[in-house]
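The values are calculated or read from the model by the stated rules, or taken from the named source; none is laboratory data. This structure is a prediction, so every number in the text was calculated from the model and none was measured. Every residue, glycine among them, receives a Cβ derived from its backbone with ideal geometry; neighbour counts consider all protein chains shown. Accessible surface areas use protein heavy atoms only, side chains included; no ligands, DNA or RNA. Shrake-Rupley method; radii C 1.70, N 1.55, O 1.52, S 1.80 Å.
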Amino acid sequence: MTQDVQREQWGSKIGFILAAAGSAVGLGNIWRFPYVTGQNGGAAFVLIYLAIVFIIGFSVMLAEMAIGRKAQLNAVGSFSKLAGGLWPLVGWMGVAAGFIILSFYAVIGGWTIKYFIHSFTGLMADAAAGKAGDVFGGFVTNTMQVILYQAGFMLVTIWVVYKGIGEGIEKYCKILMPALFLILLILIGRSVTLEGAGKGLEFYLKPDFSKITGASISAALGQAFFSLSLGMGCMITYGSYVDRKTALPGAAIQVCFIDTMVAILAGLVIFPAVFAFGVDAGAGPGLTFVTLPSVFAKMPGAMIWSGLFFLLLFIAALTSAISLLEVVSAYFIDKGWSRPQAAIIMGLLIFVLGIPSAMSLAGAPKVAGKDFLDAMDFISSNVLLPLGGVFISLFVGWFWTSDAEKEVTNEGTLTFGLMSMWIWVCRVIAPAAILYIFYTGLKW
Ligand code: TRP
């Protein structure tokens, strides 16, 4: 059994924070956040999103990190060790969610590879001619090609997980996250100075609460869980590789902050461009891939910018995808499988499950009227992740409370000023809010 073997650990505190931020920052921030915001009315949605992140998201993230570090095990194993009974089912639900999310995530990850390459092979000329939408439509309906790129993306993901914690995941996140941040700042400069950008800024920054419905609040909740990598044991798994000296509350708040910054910045790039180029803000999953090439095409050195951006988007997606595969693999590794075995076998299964999502971009298959990819996204983001969040909160708030308090204060050696707020959010506020949002807003 692997029990006797020393558990792998992050090399440093900053390594852990960047790896966790690497998990959080991904397609969720740059691809999903803008289009979900666009579909749900803009600025008012963003405000609701921020409130959810810093009240519910932060609390659930800290809860997950504490559970993982205490138990030193994967999502399922942590619940068995700390509680037993039916609790491991929460971990199981997480592993299932990880399977589902990565299956469609890798499809979009594949788009980033395609767009990176195509940046140098004609995308800029087409975008300059106003045909970015046609290029996108042509690509996603070419199913064979989409599946090939999806396979490429999965292969790289498997490879990094295969390499392990310090030498794989941590090493890459440390370099790539700061680079992404920098390029976003440069792109904002270009985007907000486009002619007609003002309307986009208004849509994005001036709240109109009449646009908010139950469904949009539920979408904000789903987006928060997805973007922060919460509700499925990802932060439990990453927390299990943290040493006993790291202060968890500080780490959790930093990860929430970095993740939110990147999402907000991505919106500042996308929305001015959406309005400047007359794209429909509610256009859905293609939004980023249609508007950004048009922005790049207007910059000197278009190819370079476009190439650089899609390279970084690929990397952001990769550091998230590895965390999804890590959750699934860690379960089997703690069961005694070798790391390569777990990474390869699970990676291949997830690839196969993703094929219908890749095909659905061309219009079929559908699940109860939704595209397969949208359906997988909806079930995981809007149902499984928030539900996981409810159980994780209840666990900390009611069943494991005094141990949780010890864990987040490193056995009482540091103070955590928000302790009682955290406990009450876990106990009542988060579960009640999530269930209420479910009840009023969950709309297929
Ligand atoms: N947070 C990532 C993103 O924003 C996606 C992701 C990685 C994720 N790990 C997760 C989502 C775990 C939910 C749960 O792109």
Inset, instruction - Starting from the Cα of residue 368, move 7 Å in the Cα-to-Cβ direction to define the label point; list residues of the range 384-428 whose amide nitrogen is under 14 Å from there. - result: 384
Inset, instruction - Rank-order 80-88, 272-280, 418-426, 194-202 by packing density, defined as the average count of other C-beta atoms within 10 Å over each peptide's residues, highest first. - result: 272-280, 418-426, 194-202, 80-88
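Report the calculated FRET efficiency for residue 254 and residue 199 (r = Cβ-Cβ distance, R0 = 35 Å), to the nearest 0.05.
Numbers: r = 34 Å, r/R0 = 0.97.
Efficiency, rounded to the nearest 0.05: 0.55.
From the gyration tensor of the Cα coordinates in the range 58-196, what semi-axes in whole Å does the equivalent ellipsoid have, largest first, with each one equal to sqrt(5λ)? Mind dumping the intermediate values first?
Numbers: eigenvalues 288, 80, 48 Å².
Semi-axis lengths for the range 58-196 are 38, 20, 16 Å.
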Inset, instruction - Diagonalise the Cα gyration tensor of the range 334-382 and give the resulting equivalent ellipsoid semi-axes, square root of 5 times each eigenvalue, largest first, whole Å. - result: 29, 13, 6
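Rounded to a whole number, what % of the accessible area of the range 300-433 do carbon and sulfur atoms account for, probe 1.4 Å?
Whole-percent figure for carbon plus sulfur exposure: 73.
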Inset, instruction - Please give, to one decimal in nm, the separation of the simple spin-label points placed at residue 402 and residue 419, each 7 Å out from Cα toward the Cβ. - result: 1.3
Legend entry - Nearby lysines by direct alpha-carbon distance to residue 245 (threshold 28 angstrom, same-chain neighbours under 8 apart not counted): 13, 70, 81, 163, 171, 174, 335, 406
Legend entry - Alpha carbon Rg of the range 391-444, scaled by the compact-globule rule 2.2 N^0.38 Å: 1.37
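Tell me, what is the per residue accessible area of the chain in Å², probe radius 1.4 Å?
On a per-residue basis, 36 Å².
Mean Kyte-Doolittle of at least 1.0 and a Cα length of 18 Å or more along the axis: which whole DSSP H helices of the chain meet both? Let's see the in-between values first.
Details: long enough: 58-71 (20 Å, 0.81); 88-118 (45 Å, 1.35); 143-163 (30 Å, 1.22); 171-192 (34 Å, 1.71); 214-227 (20 Å, 1.03); 248-276 (43 Å, 2.00); 302-334 (47 Å, 1.87); 339-360 (32 Å, 1.45).
Once both thresholds are applied, what remains is 88-118, 143-163, 171-192, 214-227, 248-276, 302-334, 339-360.
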Legend entry - residue 280-residue 304 pseudo-label distance in nm [points 7 Å out on the Cα-to-Cβ vector]: 3.7
Inset, instruction - Could you list the square roots of 5 times each eigenvalue of the Cα gyration tensor of the chain, that is, the equivalent ellipsoid semi-axes, sorted largest first and rounded to whole Å? - result: 34, 24, 20
Inset, instruction - Please work out the Cα center distance from the range 284-300 to the range 188-238, rounded to the nearest Å. - result: 18
Inset, instruction - Pop out the carbon and sulfur fraction of the accessible area of the range 1-139 as a percent, whole number, probe 1.4 Å. - result: 64
Legend entry - Estimated inter-spin distance, residue 92 and residue 12, nm [label 7 Å along Cα→Cβ]: 4.2
Legend entry - Cα centroid separation - the range 370-440 against the range 1-78, whole Å: 12
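Using a Förster radius of 41 Å, what is the FRET efficiency between residue 439 and residue 181 based on their Cβ-Cβ separation? Nearest 0.05, please. Each step should come with its number before you reach the end.
Numbers: r = 38 Å, r/R0 = 0.93.
That pair, residue 439 with residue 181, gives E of 0.60.
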Legend entry - Mean residue ellipticity (222 nm) of the chain, computed from DSSP H runs ≥ 4 via -39,500 (n - 2.57), nearest 500: -22000 deg cm²/dmol
Inset, instruction - Return, for the Cα atoms of the range 297-423, the radius of gyration and Dmax in Å, separated by a comma. - result: 21.0, 59
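How long is the gain from residue 55 to residue 80 if the chain were fully straight, where each residue apart is worth 0.36 nm and the alpha carbon distance is subtracted?
Numbers: separation 25, 0.36 × 25 = 9.00 nm, distance 2.76 nm.
Between residue 55 and residue 80, full extension yields an extra 6.2 nm.
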